[in-house]
Amino acid sequence: MQQLIYFLQRYKFGLYFLLLLLISLGLTISNHSFHRSKFVSSTNSITGGIYEKANSIDSYMNLKSENKLLIEENLLLKNELNKYKSLLDTVYKQNIVDTLYQQKYELISGSIIKNQFHSSYNYLTINRGEKNDIKTEMGVINHKGIIGITDNSSTNYARVQSILNRNSKINARFKNSTHFGTLTWDTKSYNIVQLVDLPKQAVYSVGDTIITGGRSAIFPEGIPVGTVLQKNTTTSIDVELFNDMSNVRNIYIIKNYHKEEIKNIENPTNE
């Protein structure tokens, strides 16, 4: 208490001056419309800046939940697109609208929780499993292109054989032609794979886009893969992946409703 009294006594003239200054400013602002409008404008500018900073901080803190909402919305749109593609295929091929058409593909969203890309036999672990209807031999992609194929699953998780795996063999073709081959990996670079077994008459140029060929029940036709980097032999080329396989997280797992039917017709039990 003594320190407070000492402070007031020591700075009484300065505090008195400050008090009179505040009173005079208040009277000036309240009695003159010009000064009042300037004061209000300045106050709004300051508070607006404070609110904007606070909103930026709040937005940053909510990035994770916002990102999750965007992924779910994107998933919904992709599944709706697959439905319309199925309907268009029905109309185009049969020239009728089949009101009982079935959606061929469904996408299930997920995330990569472990990513391996330095080995010759790389695998990824994703946070979706049997309770999410994830089984073996399901294609895994993201918004840039293919990532791999599921090869094992538990209740909550699944393992994915990466495209960067010596055993990986995925059908792919040129976007601007029907010539196709098999995607493999020579283990040399994590962003370059090889398209092999190409027909010698295939015509292409460096920079041409490679997509999935659709000749299996795992990947639909047209999923992006990468671009032609260089020619190795008459039947093999290097393909630079669209995906940076060292930096992938959010993914989609492809569920093909017709897969079992396709497998049964291709591999009948009586053979």
Strands (runs of 3 or more DSSP E) (entirely within the stretch 148-264) containing at least 2 residues that are not β-branched (V, I, T): 158-165, 170-174, 180-184, 192-196, 224-233, 236-241, 250-256
Tell me whether the stretch 125-137 contains one or more residues that are touching a helix residue (DSSP H, G or I) at 6+ places or on another chain (Cβ under 6 Å), part of a strand (DSSP E or B) and either surrounded by 14 or more Cβ atoms within 10 Å (Cβ to Cβ) or not assigned by TED's automatic domain parsing to the domain that holds G226 (or both). no
Is it fair to say I237 is surrounded by 18 or more Cβ atoms within 10 Å (Cβ to Cβ) and closer than 21 Å to I141 by Cβ? no
Among the residues of the stretch 212-265, what is the count of those that are in contact with a helix residue (DSSP H, G or I) (Cβ under 6 Å, 6 or more places away or on another chain) and of a type outside the set (A, V, I, L, M)? 1
Among the residues in the stretch 192-206, are any touching a helix residue (DSSP H, G or I) at 6+ places or on another chain (Cβ under 8 Å), crowded, with 16+ Cβ neighbours inside 10 Å and either farther than 19 Å from I113 by Cβ or not assigned by TED's automatic domain parsing to the domain that holds G110 (or both)? no
So which residues in the stretch 213-241 are touching a Gly at 6+ places or on another chain (Cβ under 8 Å), at pLDDT below 95 and under 15 Å from I163 (Cβ atoms), if there are any at all? I218, F219, I223, P224
More than 23 Å from M138 (Cβ to Cβ), surrounded by 14 or more Cβ atoms within 10 Å (Cβ to Cβ) and out of contact with any strand residue (DSSP E or B) (no Cβ under 6 Å at 6 or more places or on another chain) - does that describe any residue in the stretch 216-227? no
Determine if the stretch 158-171 includes at least one residue that is aliphatic (A, V, I, L, M) and touching an Asp or Glu at 6+ places or on another chain (Cβ under 9 Å). yes
In the stretch 220-232, is there at least one residue being of a type in the set (V, I, T) and touching a residue at least 60 places away in the same chain (Cβ under 8 Å)? yes
Step by step: first the residues of the stretch 140-171, then only those that are at negative phi and in contact with a Pro (Cβ under 8 Å, 6 or more places away or on another chain), then the one that is modelled with the highest pLDDT. Which residue is that? I146
What do you reckon, is T150 under 18 Å from E240 (Cβ atoms), surrounded by 19 or more Cβ atoms within 10 Å (Cβ to Cβ) and assigned by TED's automatic domain parsing to the domain that holds I237? no
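The values are calculated or read from the model by the stated rules, or taken from the named source; none is laboratory data. These figures come from a predicted structure and were not determined experimentally. Note that each Cβ is placed from the backbone with ideal geometry, even for glycine, and that neighbours are counted across all protein chains shown.
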